[in-house]
Amino acid sequence: MTFKTLFAIAAIAVTPMSHAAYVTIDEAGMDAVYSQASFGSMSVDIRIGAITTLTMPSLLNIDTDAKVNTLFSQHVGASNVVDFYYVDTVDSCGGFNTSIIGCGEVGGNNFVVESIWAANTTVPTGGNISYGVQLLSHELGHNLGLGHRSGNDLMNSFINGFMDLNASEVSTILSSPLVQTDSTGQRFIQIDPVLVQATVTVVPEPGTFALLSLGLLATVWVSRRAQNER
């Protein structure tokens with residue numbers, strides 16, 4: 001796979017911590033970003049699909065561009081669907097490797113973020129959105145064709161809690177092939193979250209789960225009966 005241009009978003013200060021990847025998306029928050037005043041009557045609805053799990057433990061920590069390449073080659077769905085990949089850490093993106101928390105293709109359909117930052121609901125002083133909403137909306141902006149821009153806006157290269165998009169950026173977004181239109185005329189972007197995990201998660205079938213539950217209840221009842229008969 002030949003890389004499209006990659007852009008990273010960074011945190012000014014990062015406290016290392018151990019965590020397992022998980023999916024968090026504030027869909028309403030992202031809707032607010034992509035329907036702000038600069039969109040006028042041409043708002044874009046964010047639509048979230050089902051979560052796909054990807055069991056590739058070596059990709060939980062993205063520390064080389066080769067791993068970014070491998071991760072994005074796993075793309076789920078059509079070319080006009082965006083994949084959000086959730087991992088533990090992102091430490092490499094297009095040759096950049098300082099305090100990274102997300103990495104996205106400019107004009108592509110994939111980006112990767114650190115789960116712990118995507119789930120961060122803190123709205124910094126002076127900002128108007130949470131760190132998590134900005135992270136996801138920022139990386140989606142790269143997929144839609146936007147580069148970095150300094151100032152109190154969504155596309156600042158450092159996460160700062162702002163959502164502003166100017167008229168030129170909105171025009172670029174609306175011309176992206178990722179922006180689809182439904183039968184009612186509403187513009188939307190389809191997003192499929194992809195959770196990277198270390199091991200396969202086995203979920204019992206409903207019938208099996210019911211039998212297991214009954215077995216547990218029977219065990220508890222027998223145990224209590226034995227106690228009462230003593």
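The values are calculated or read from the model by the stated rules, or taken from the named source; none is laboratory data. Remember, predicted model here, so these are calculated numbers, not experimental data. We place every Cβ from the backbone using ideal geometry, glycine too, and count neighbours over all the protein chains shown. Each accessible area value is taken on the protein alone, full model and side chains, heavy atoms only, with ligands, DNA and RNA left out. Shrake-Rupley method; radii C 1.70, N 1.55, O 1.52, S 1.80 Å.
Could you please report the charge total around Arg149, scoring K, R as +1 and D, E as -1 over all other residues with beta-carbon less than 12 angstrom from its beta-carbon?
Once all neighbours under 12 Å are counted, the net charge is -3.
Accessible area per residue of segment 80-149 at 1.4 Å probe, in Å²?
Numbers: 1870 Å² over 70 residues.
Spelled out: the 1.4 Å probe surface of segment 80-149, per residue, equals 27 Å².
Take every Cα pair under 8 Å whose residues are at least 6 apart in sequence, average their separation, divide by the length of segment 20-81, and the relative contact order is 21 percent. Normalised by the number of residues in segment 48-94, the average gap of Cα pairs under 8 Å and 6 or more apart makes the relative contact order 52 percent.
For a protection proxy built on the mean count of beta-carbon atoms within 10 angstrom, sort 167-174, 89-96 highest first, please.
Details: 167-174: 15.9, 89-96: 18.8.
The densest-packed peptide leads the list: 89-96, 167-174.
Ranked from largest to smallest solvent-accessible area, with a 1.4 Å probe on the protein heavy atoms, Asp26, Asp83 come out as Asp26, Asp83.
Given a 1.4 angstrom probe, I'd like the percentage of the accessible area of segment 48-91 that is carbon and sulfur, rounded to a whole number. Carbon and sulfur atoms account for 53 percent of the accessible area of segment 48-91.
Protection proxy ranking, highest mean first, for peptides 36-45, 64-73: 64-73, 36-45, where packing is the per-residue count of other beta-carbon atoms within 10 Å, averaged.
Note down the relative contact order for segment 147-197 as a percent, whole number, built from C-alpha pairs under 8 angstrom at least six residues apart. 17 percent.
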